[in-house]
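Chemist: Take a look at this one; I'll ask things after.
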Amino acid sequence: MTPSARQTPPVPLQRLLEGIAGVRVKPNEPLSRHVTMGVGGPAGLYLEIDTAEALSSAIAALEDAGMPWLILGGGSNTLFEDAGYHGAVVQLKKEFRAIAEGREPHTVRAGAAANFRAVMRFAVERNLTGLEFGVGIPGTLGGALAGNAGAGGEDICTLTRSVETLGEGGGARVLQRGEFSYSYRLSDLKQHVLLAATLELRPDSTEAIQRRVESHRAKRETQPLAEKSAGCMFKNPKGDAAGRLIDVAGLKGLRMGGVRVSEMHANFMVNDGAGTTHDIRRLMSFVREKVLAETGIELESEVRIITANSEYGL
Ligand code: EPU
């Protein structure tokens with residue numbers, strides 16, 4: 001176990017943050033409530049922020065006080081230690097969840113905290129194609145952009161026409177396509193505070209779009225979506241699938257504490273409710289070692305684990 005990260009947040013900082021309109025503060029909030037695997041200890045401070053202006057003021061206050069901070073999206077690709085995280089965890093609300101038609105034809109503008117599947121549904125209802133791969137992808141648009149979420153060779157960054165980020169001094173800075181780079185499950189948008197994005201889609205018939213939605217939904221039926229998981233745990237190595245490698249290594253059903261490799265899809269780990277981040281770490285290293293020994297392939301994590309005393313910040 002790592003040393004406890006639980007510490008009393010500096011009271012003047014907490015008061016200062018509570019005084020910003022559009023910021024709600026909770027000290028010692030269990031992070032297990034905010035990540036889909038349901039694990040992790042408390043945050044030094046947990047902040048819900050409604051507007052870009054409030055976000056900018058809160059970040060300035062945190063930085064002045066020297067408190068590390070990070071933005072958490074839907075918690076489907078991030079884990080925290082059982083001891084928690086000593087910094088501030090920010091979740092974006094209200095204005096950041098908006099989804100609307102963009103200014104240009106066939107575009108959709110959505111806030112960083114918009115639910116990724118809700119953005120997909122919004123597009124589908126308007127007969128816009130491109131986002132159907134998002135069926136069953138958990139998390140927020142901001143999280144999807146930071147990790148370039150995708151499925152079956154399609155990904156979110158390819159569809160992104162522009163991104164609004166928090167610029168120096170608190171104003172919005174727009175990055176156009178070509179001003180950010182990305183590759184498989186990687187994007188340099190991770191280095192920015194993302195506020196919103198405009199996605200460029202294409203018109204298509206309802207029938208063709210529905211066919212693609214159904215085909216993606218069918219693929220998802222091989223995944224344990226009803227259980228507590230973080231989606232796929234490992235990136236697919238070039239030319240192969242992490243799920244296939246873990247499966248042929250005979251690891252389906254392998255359990256450490258309350259966490260096991262899913263019997264349905266080997267690249268998923270599921271928490272039976274009593275699992276901890278410690279169990280996940282042990283299971284991940286065992287899986288990586290076994291797959292390496294059997295196949296010579298080193299699996300790379302798709303999930304970030306924030307350590308208790310990480311100086312994470314942007
Ligand atoms: N396979 C096995 N055993 C298993 C699981 C998979 O042999 O237990 C084999 C399958 O038979 C198939 C291959 O591995 O031949 C690939 O499996 P699958 O079609 O399920 O897709 P995947 O590559 O494992 C990717 C994304 C998923 C996304 C699906 C949807 C990655 C790491 N994963 O999975 O994304 O939902 O495609 O098509 O790119 C995620 O990123 O969190 C995620 C779940």
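Chemist: What does the highest-first list of 45-54, 133-142, 165-174, 208-217 look like by mean Cβ count within 10 Å?
Modeler: 133-142, 45-54, 208-217, 165-174
Chemist: Can you compute 3J(HN,Hα) from phi for each residue in segment 151-166, using the Karplus curve 6.51 cos²θ - 1.76 cosθ + 1.60 with θ = phi - 60°, rounded to whole Hz and x for Gly and Pro?
Modeler: 7, x, x, 9, 8, 6, 5, 4, 8, 8, 7, 7, 10, 9, 10, 7
Chemist: Same structure again: Report Rg(Cα)/(2.2 N^0.38 Å) for the chain, keeping two decimals.
Modeler: Relative to the 2.2 N^0.38 Å estimate, the chain comes out at 1.01.
Chemist: Sticking with this structure for a sec: In the P(r) worked out for segment 212-314, what percent of Cα pairs fall beyond 23 Å?
Modeler: So the portion of pairs separated by more than 23 Å is 29 percent.
Chemist: Moving on to the next point. For the chain, what is the accessible area per residue in Å² when the probe is 1.4 Å?
Modeler: Counting only protein heavy atoms, the per-residue value for the chain is 45 Å².
Chemist: For Ser205 paired with Glu300, estimate the spin-label separation in nm (one decimal), with each label point 7 Å from Cα along the Cα-to-Cβ line.
Modeler: It works out to 4.1 nm between the two label points.
Chemist: Looking only at Gly147, Gly275, Gly257, which one moves most when the chain is put into a Gaussian network model with springs between Cα atoms under 10 Å?
Modeler: Residue with maximal mean-square fluctuation among Gly147, Gly275, Gly257: Gly257.
Chemist: Then there is this: Points 7 angstrom from Cα along the Cβ direction at Thr307 and Val11: gap in nanometres?
Modeler: Reported label-point gap for Thr307 and Val11 is 3.2 nm.
Chemist: Pull up all non-local amide H partners of Glu302: gap of 5 or more, or a different chain, and H-to-H distance under 5 Å with H placed in the peptide plane.
Modeler: Amide H neighbours of Glu302, under 5 Å, 5+ apart: Phe234, Lys235.
Chemist: Would you mind classifying segment 164-237 by shape? Square roots of the alpha carbon gyration tensor eigenvalues, ordered a ≥ b ≥ c; an a/c under 1.5 is rounded, otherwise it is prolate if a/b is larger than b/c and oblate if not.
Modeler: oblate
Chemist: Something else: How would you order 100-106, 15-21, 279-285 from highest to lowest mean count of nearby Cβ atoms within 10 Å?
Modeler: 279-285, 15-21, 100-106
Chemist: In a shell of Cβ-Cβ distance under 13 Å around Tyr182, excluding Tyr182 itself, what net charge do Lys and Arg (+1) and Asp and Glu (-1) give?
Modeler: Net charge in that neighbourhood comes out at -1.
Chemist: Tell me which residues come under 5 Å, amide H to amide H, from Ala88 once H is placed; ignore anything under 5 positions away on its chain.
Modeler: Here Leu45, Trp69, Leu70 satisfy the definition.
The values are calculated or read from the model by the stated rules, or taken from the named source; none is laboratory data. Keep in mind the model is a prediction, meaning the values are calculated, not measured. So basically every Cβ, Gly included, is an ideal-geometry build from the backbone, and we count neighbours across all protein chains shown. Side chains are part of the model used for accessible areas, which takes the heavy atoms of the whole protein and leaves out ligands, DNA and RNA. Shrake-Rupley method; radii C 1.70, N 1.55, O 1.52, S 1.80 Å.
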